[in-house]
Every structure is written in structure tokens, then in C-alpha cells.
Amino acid sequence: MKKILLLLSVILIAKLMNAQTWDGSASTDWNTAANWSTNTVPINTSSITIPGGVPNNPALPSNITLAGLTMNTAGVLNFNGFALTTGNLNLNNATLNNSSGVTDIVINCSGSTLQYASTTVNDNLTVNVSGTGIFYEGFPSANIHNGNTNFVLNGAGQFQSSYSAASTFNGDLTVTRTVAGTTTLFVNGHNGITGNFTYNNNAGGPTSINSSGVSPTLTAPVITGTINITVANGGAFTMRRIINNTGGGTINVATTYAIVTNDTLLVTAANFSGMATGNVDDFDRLQITGNFSISDLAGNSNDTYLRRSIMTGTTTVTANGTATFYEAYQVANIFNGNTSFVLNGTSDFQSSYNAASTFNGNLTVTRTVAGPTNLFVNGHNGITGNFSYSNNAGGLSSINSAGASPAAVAPSITGTVNITVANGGPFTMRRIINNTAGGSINVVTTYALVTNDTLLVTAANFSGMATGNVDDFDRLQITGNFSISDLAGNSNDTYLRRSIITGTTTVTSNGTATFYEAYQGANIFNGNTSFVLNGTADFQSSYNAASTFNGNLTVTRTIAGPTNLL
């Protein structure tokens, strides 16, 4: 019995020695036993509490290791140029000072309880977090950091900043993850970062930056400095309502899927890649000054949206997947710079899907793998540079298929038009207007619907028509050489009508159906015109009205069939 009582006494004494409270009754000296409630100096297994309202606040005498640190009721700790290593960390209504102008405040922690709130940090701060415990910054209330702040996440535990309230960072904020884990920044926004913001994660795990979309406050709405974000091997990435004021930084995010909305960014470049699984990828209501790119992985089966945004810089979108890419879903985009869409997958590409986007620069669309390409679904609001579309792979090509009229203030493509389609599926082009000659159109298609276009080109050639529907060339104004040629055995009627062609016109009819020249309305040919009839098709010229031929007219039939001229 005595042995049991003795053992219990030893355990009680050990607990009392390991749970100590600073009273500061003698001095600020950490190593003075009289300053501690147990009248003993803490050791590396001690869990200590530093309260406020004491006669003297403690200062670290050297690098200190503890099992746990709790600060509350306005407790103050002077790091005095040394580092503190602890298991658990629980700061509430604390003040961290540093009397050394040479080193920063350094806290190393690895316990299961890791949090601080209502705390003011009056120097540069580095927090090294290891282990699997969740680290809560700003729980249950916000912190104020008067100096540069650096969080280094060396464990798999979750990291949550501004968890319950928006903390203030008067200086740079840097977050670095070296071990894969969940990183959630600005859960409830932030109250301003007066320096630069940097986030580095080459380890992996989901990243969320202000995922709830808390609006910046009126008094501290932005990140004053640059923004630099690097994510490699990333899980899901979310960033909402992040605003910065200084250019020069870069964003490079490789992620399984991305939700990036309402951000206003000044950067050299913002690049998002690697999207493959998990959810739609949504780039919405962005204002980005800097080059911008999106690139998903081959086989990505999640739709991608780029909408309601203003891009001032070069924009490059590379669609490698199988789902639909929607440009201008719900609301139009404005691209203030050259824009390029590269379609390396079978994905259905939809541009100006719900509204007419504006392209203040060159617009280039390139398809390398067969798939549907729908350009200017609801028209466009002007292209101030050149427009180029290249598709040597195949699939539907539709350019303003709904025939939306160009806006009165931006009625045309200012530059050249270059269109190359080989092995094409159906081809539609309506109400496309350009102002600069020099480009060319070469389309090989199963059938063609080309109407109301006003084009300045070197040449516009349409060939390969064979199946699917009538081929209709209607109300065109083409300045440049123009040709139509179908395949042998084409059984679909062809119409060339109500058009003005200023250049050499060559029509080669190889099929079996009827070719109608001037159906419903006459044509005007301002140049030499040649009809070559290599098939049995019934050829009808000036069918409903008398066309005008301001040049030589040559009609050649090589295979027997009805020929109805003039």
C-alpha cells in the first residue's frame, strides 16, 4: 500500500512539474524558479501557461523546447532572438515580441492542438508545422501580424488560416507546403496583406484560397504587393476574390480541377494546367492583367468554363480532353490581347456561347484532333486583329451558325481571315465580315452552308461536298478569287445565289444533283467566270433572275447532262 501511495505521489509531482504557470513574481528571467507556479524551471516535457496581468513578462533565455505552450488573458512573450519548439500550441489574446533585431520569431510545433487567435505578433514570424494535427490560424478570432509571416508546412496535417475571422498581415505572407496535405487559406477572407503573398506547394493535396468568396473589406481590400503561387501535383484548387495591386508575380497551378472566380490579378502570367477529374473547371469573373493560359489533360471528361472575364495580355487555351469547353457561358469575355484556342482533344468547343465576346487582338483557333468546333455561337463583338481557323483533323466546323449580326460599333474582323479545313465534316459560316485583304479560305467539307459573309481575301475555295445536305452559297460579297467543287456522285443540290463576287469565279460540278446559279436572286460576277460540268448534274444558270457577268463567261461540259444557260 505504501508503494502504491509513493508511486501516486511521484506521478502527481511529475504532473505538477510538467504543468506550470508563469507568475513573473521575481523578474523576466525564464530560468528563475521563483517566476514559476511550481517553483521549478520548465523542462522539455513541460506544458506551460503564460497569462497576462503578471508583474513581469518572460523572455526566452535560449532556444526552448516544451511539450505545450498556452498563452491567454493578454499574456506577453519576448522571444529575445531565440526559437521556441513545442508540441501543442494554444495562443489566445497573446502578444509575441522580439527584442532582437537580428533574428525573427520562430515557432516549431507538432502537436494535436495547434491554434492561435486574438494575437498580435510584433516582428517577422516563422511557424514550422509538422505532424498530422490541424493548425488553426485565426480561431476563434482574428490575429494581427506586424511583420513578414511565414508558415512552413512540413507535415500532413491540415492548415487553416483566417479560420473564424479575417486576420491582418502587415508585411509579406508566405505559405510553403513540403508534405502533401490540405491547405485552406483565408477561410473567412483576410483583412489586408500590405506586402507580397506567396504560396508554394510542390508536394500535393487540395488547395483552397478564400473558397467561401468573402469580399475584401473596404479599408484593406487587397494584397498590396505581388502574388506568386506555385502548385505542382496538386489536388483540387480553388481561389476566389483575390486582388493584388503590384505586377511581376506569377501563378503556375497544376491541379486535378480548378475553381477560379472573381479574382483581380496583376501578374506576369497566370497558368492553370493538369485538370482531369473531380468537377467542372470554372474560370469566372476574372480580371487578369498578364498572360493567361488554361490546359487540361488528355481524357479530361469535365466541362470547362471561361466566362464573364477580362484578360489583358496573351490568352492561350489548350483543350486536350473529351468534354465541352464553353467560352462566354452566360456572359461574354473581353480579350485585350492575342487569343489562341488549341483543340488537341475531341472536346466540343463553343466560343461566344451565350454572348458575343470581344477580341482586341488576333484570334487563332487550331484543331488537331477531330471534334465539333462551334465558333461565335452568338456572334462576336469585334476582332481587332486577324482571325485564323485551322482544322486538318475533321469534325463539324461552325462559324456564327446562328447568323448573329455583328454589333454596330464593332461590325467586323479588322484584319485578315485565314481558314483551312481539311477532311472536314459539315461547314457553316454566316455573317463573317473582315476589312483587310491577304488571307485565304480553303475548306474541304462534306457539305457547306456559307451565307451573308463579306470577305476580303486572296482566295476562297470550297471543295469536297458530297453528303448530308444541300450546299448553299448565299448573299456573299467576296473580293478575291472564289471556287466551288463537289465530289463525283454528290447527290445534294448546290445553290450559288444573291452574291457579288469580285475576282475570278470557278465552279466545278462533279455530282449528280442540280446546280442552281441565281436561285431566288441574281448574282453579280465582277471578273472572269467559269463553270466546269464534270458530272451528270442538271446545271441551271440565272435560274430565277438574270445574273450579271462583268468578264468572260466560260461553260464547259465533259459528261452528258442537262445544261440550262441564262
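The values are calculated or read from the model by the stated rules, or taken from the named source; none is laboratory data. As the structure is a computational prediction, the values presented were derived from the model and not from experiment. All Cβ positions, glycine included, derive from the backbone under ideal geometry; neighbour counts span all protein chains shown. Protein only, heavy atoms only, side chains kept; ligands, DNA and RNA dropped before computing areas. Shrake-Rupley method; radii C 1.70, N 1.55, O 1.52, S 1.80 Å.
Some points to look at:
- Pair list, Cβ under 6 Å, 6 or more apart: segment 161-172 residue assigned to a strand (DSSP E or B), other residue buried (at least 21 other Cβ atoms within 10 Å of the Cβ) and modelled with pLDDT of 95 or more: PHE169/HIS145; PHE169/THR149; PHE169/ILE193
- From THR416, THR446, residue being over 17 Å from SER397 (Cβ atoms) and either open to solvent by less than 50 Å² (accessible area, probe 1.4 Å) or more than 35 Å from the chain's Cα centre (by Cα) (or both): THR416
- Unique residue being out of contact with any strand residue (DSSP E or B) (no Cβ under 8 Å at 6 or more places or on another chain), over 23 Å from THR414 (Cα atoms) and polar (S, T, N, Q) when the list is THR318, THR322: THR322
- Of all residues in segment 405-442 being small (Gly, Ala, Ser) and not in a loop (DSSP other than H, G, I, E, B), the one that is nearest to ILE383 (Cα to Cα): ALA410
- Enumeration of residues in segment 129-149 that are outside any loop (DSSP other than H, G, I, E, B) and surrounded by fewer than 19 Cβ atoms within 10 Å (Cβ to Cβ): ILE144, ASN146
- Qualifying residue in segment 423-438 (condition: more than 23 Å from ILE559 (Cα to Cα), open to solvent by 10 Å² or more (accessible area, probe 1.4 Å) and free of Cβ contacts under 8 Å to residues at least 24 places away in the same chain): yes
- Single residue of GLY489, GLY503, GLY535 found to be open to solvent by less than 10 Å² (accessible area, probe 1.4 Å) and of a type in the set (Gly, Ala, Ser): GLY535
- Filter result for THR120 (at pLDDT 95 or above, in contact with a strand residue (DSSP E or B) (Cβ under 9 Å, 6 or more places away or on another chain) and within 26 Å of GLY157 (Cβ to Cβ)): yes
- Selection count where residues are part of a strand (DSSP E or B), closer than 21 Å to GLY480 by Cβ and of a type outside the set (S, T, N, Q), scope segment 512-566: 7
- Every condition in (1) at pLDDT below 95; (2) open to solvent by less than 30 Å² (accessible area, probe 1.4 Å) holds for PRO562 except the one numbered (2).
- The sole residue among ARG241, ARG177 that is of a type in the set (D, E, K, R) and open to solvent by less than 20 Å² (accessible area, probe 1.4 Å) is ARG177.
- Scanning segment 18-46 for residues that are crowded, with 20+ Cβ neighbours inside 10 Å and of a type in the set (Gly, Ala, Ser) gives GLY24, SER46.
- Of the strands (runs of 3 or more DSSP E) entirely within segment 239-338, those holding at least 2 residues that are under 29 Å from GLY385 (Cα atoms) and charged (D, E, K, R) occupy 281-284.
- GLY468 surrounded by fewer than 22 Cβ atoms within 10 Å (Cβ to Cβ) and modelled with pLDDT of 95 or more: no
- Residues that are more than 19 Å from THR458 (Cα to Cα) and β-branched (Val, Ile, Thr) were ranked within segment 509-531; the one that is surrounded by the fewest Cβ atoms within 10 Å (Cβ to Cβ) is THR512.
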